[in-house]
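Okay, structure first, notes after.
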Amino acid sequence: MKIALNSGFITDNSKEVKSGCYFVLSNSNSKYSAQALDLGAKLISPSEAIELLGLKNRIKIIGITGTNGKTTTAFLLAHTLANLGYKSAVSGTCGSFIGDRQIAKKGLTTSQILESISYIKEAVDSGCEYFIMEVSSHAIAQNRIEGLEFSLKIFTNLSQDHLDYHKSFSEYARVKSSFLNDECDKIINADCKEISYNPINSLTYSTNHADIYADKINLENGINATIINGDEKADLSLNLHGKFNLYNALSVIAATKKLLNLDLQSICDGLKDFKGVAGRMEIVSHLPTIIVDFAHTPDGIQKVLSSMCDKELIVVFGAGGDRDKSKRPIMGQIVAKYAKIAIVTSDNPRSEEPDEIIEQVAALMPKNTIKIQNRKEAIAKAMDIQNDEVLLILGKGDESYQEINGVKYSFSDQEVVKEILSKKG
């Protein structure tokens, strides 16, 4: 990554270092610091890079962390702020965006620090007042957010994920908690007891009692609820599905209240007309009903399937390779509980054998569970046997590839569905 200056440039890539440039030190490149000095570079920290680029105090940075819901929360918050007259940028799992304009393709959930700074600079240059970014546990542990001064932090939820990296749930919770143990303004899911946080400047949300909570909840046709904050009450109506999306909405309402201190009804009205995020409960077909979702953790799958428990379900899903193996049979067990028909297939097997992953996923499922390694064939099978059931295709969301043995092959659940439907006429 290289950012031009009036004189010289800033980089974090040792291969680009030249005399007179600035070399931003991070966890991943610190071993090249002596080499950079020898080549005539000046070593600077990320915070010094922000100062050098004139970005300090030019934009409010909002960080969203949690196992699930980060992406939807980020885009819903940007949508709400836009409806209320404020321009913002979003950076996360889907890439980086200024309004509807994509400025970077998807990569890491949280980019390397100089890359994030470059997106912040573009947001400032485009007149944005807010920069909303997803903050992963990996980024926190690897100090990829060093130097960023957050105006607000949002915590969504915590459930089992990334134990291949963090090794234990307690360590995963500790890392997430470390992001929340300062005096920055914070929005906290009051129903999650696994994390600790500094209560100073914090606002809690819940579907029960919290600083901001939901009452008279109706999830039969979208989301309808009464939102309560002290003596204030407001009506919320959203064309989203599931209690998990109500939690996402509550976090956005609380965040907007903290940021703007507007009346509650104006904030709830600001959420209206949000159409969702690609690959997050995305309805690809109405007749028959086929939905694609990113759910790839036990908790994420539980929330999606339980939100559809009044319908008969066919579920196509798998588990990613080179990731936490302990969650695989748990995911299969949850799907078996809710699905009329379950088809276990490949997700992104990466360097692992796809059939071995499938067997691990299906370990606690009925013996007659359908197993089809080829994901396209699995989706085709599901669509062939679908009658009045809702077909849920889980795990990859808006991903446009499938990673097998280090190669990313072009693959989209949505495009596969559309192709099969077109052939059916």
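The values are calculated or read from the model by the stated rules, or taken from the named source; none is laboratory data. These numbers were taken from a predicted model, which means no experiment stands behind them. No Cβ is skipped: glycine too gets one built from the backbone with ideal geometry, and neighbour counts run over all protein chains shown. We work out accessible area using only protein heavy atoms, side chains counted, and drop any ligands, DNA or RNA first. Shrake-Rupley method; radii C 1.70, N 1.55, O 1.52, S 1.80 Å.
Brief remarks on what is shown
- Centre separation in Å (Cα based) which lies between segment 1-77 and segment 78-107: 20 Å
- For the set Lys176, Lys233, Lys87, the ranking by accessible area, highest first and with no ligand, DNA or RNA atoms included, is Lys233, Lys87, Lys176 under a 1.4 Å probe.
- Heavy-atom accessible surface of the chain: percent carbon and sulfur, 1.4 Å: 45 percent
- Summary of the geometry: segment 261-307 and segment 110-165, compared by the centres of their Cα atoms, lie 22 Å apart.
- Full-extension gain in nm, Leu5 to Glu51, via 0.36 nm per residue minus C-alpha separation: 15.3 nm
- Dipole magnitude for the chain: about 440 debye, using +1 per Lys or Arg Cβ and -1 per Asp or Glu Cβ, origin at the Cα centre.
- Asn208 paired with Ile385, simple spin-label distance in nm, labels 7 Å along Cα-to-beta-carbon: 3.9 nm
- Counting Lys and Arg as +1 and Asp and Glu as -1 over every other residue whose Cβ lies under 9 Å from the Cβ of Leu180, the net charge comes to +2.
- Note on segment 168-266: Cα convex hull, mean projected area over all directions, 6.8 nm².
- Modelled FRET efficiency - R0 35 Å, Glu356 with Lys193, Cβ distances, 0.05 increments: 0.50
- Taking amide H as placed 1.01 Å from N in the peptide plane, Gly320 has its amide H under 5 Å from the amide H of Asn348, each at least 5 places away in sequence or on another chain.
- Each semi-axis of the equivalent ellipsoid for segment 272-425 is √(5λ) with λ an eigenvalue of the Cα gyration tensor; in descending order they amount to 21, 18, 16 Å.
- Each eigenvalue of the Cα gyration tensor of segment 51-209, multiplied by 5 and square-rooted, gives one semi-axis; in descending order these are 25, 18, 15 Å.
- Ellipsoid fit via the Cα gyration tensor, segment 1-83: semi-axes of 33, 16, 10 Å, each the root of five times an eigenvalue, largest first.
- Sequentially through segment 34-49, phi angles give Karplus couplings (6.51, -1.76, 1.60; θ = phi - 60°) of 5, 4, 5, 5, 4, 7, x, 7, 9, 7, 9, 8, x, 5, 5, 5 Hz, Gly and Pro residues having no value and appearing as x.
- Residue-count net charge about Gly270 - beta-carbon cut-off 12 Å; Lys, Arg +1, Asp, Glu -1: -1
- Spin-label pair Ser14-Lys337: with each label point 7 Å from Cα along the Cα-Cβ axis, the two points sit 4.9 nm from one another.
- Sequentially through segment 3-12, phi angles give Karplus couplings (6.51, -1.76, 1.60; θ = phi - 60°) of 10, 6, 10, 4, 9, x, 7, 10, 9, 10 Hz, Gly and Pro residues having no value and appearing as x.
- FRET efficiency for His138 and Ser400, using Cβ-Cβ distance with R0 set to 30 Å, rounded to 0.05: 0.85
- Å² per residue, accessible surface of the chain at 1.4 Å: 44 Å²
- Phi-based couplings in Hz for segment 309-315 (Karplus 6.51, -1.76, 1.60; Gly and Pro marked x): 5, 8, 10, 7, 10, 10, 10
- Unit charges at the beta carbon, dipole of segment 131-289: most positive-side option, Pro288, Leu250, Ile267: Pro288
- With the simple model of a label 7 Å out from the Cα in the direction of the Cβ, Lys423 to Gln265 spans 5.4 nm.
- Choice from Lys70, Lys216, Lys272 showing the highest fluctuation, given a GNM over the chain with Cα pairs closer than 10 Å: Lys216
- Using 0.36 nm per residue and subtracting the Cα-Cα separation, the extra length available between Asn224 and Glu146 on full extension is 24.1 nm.
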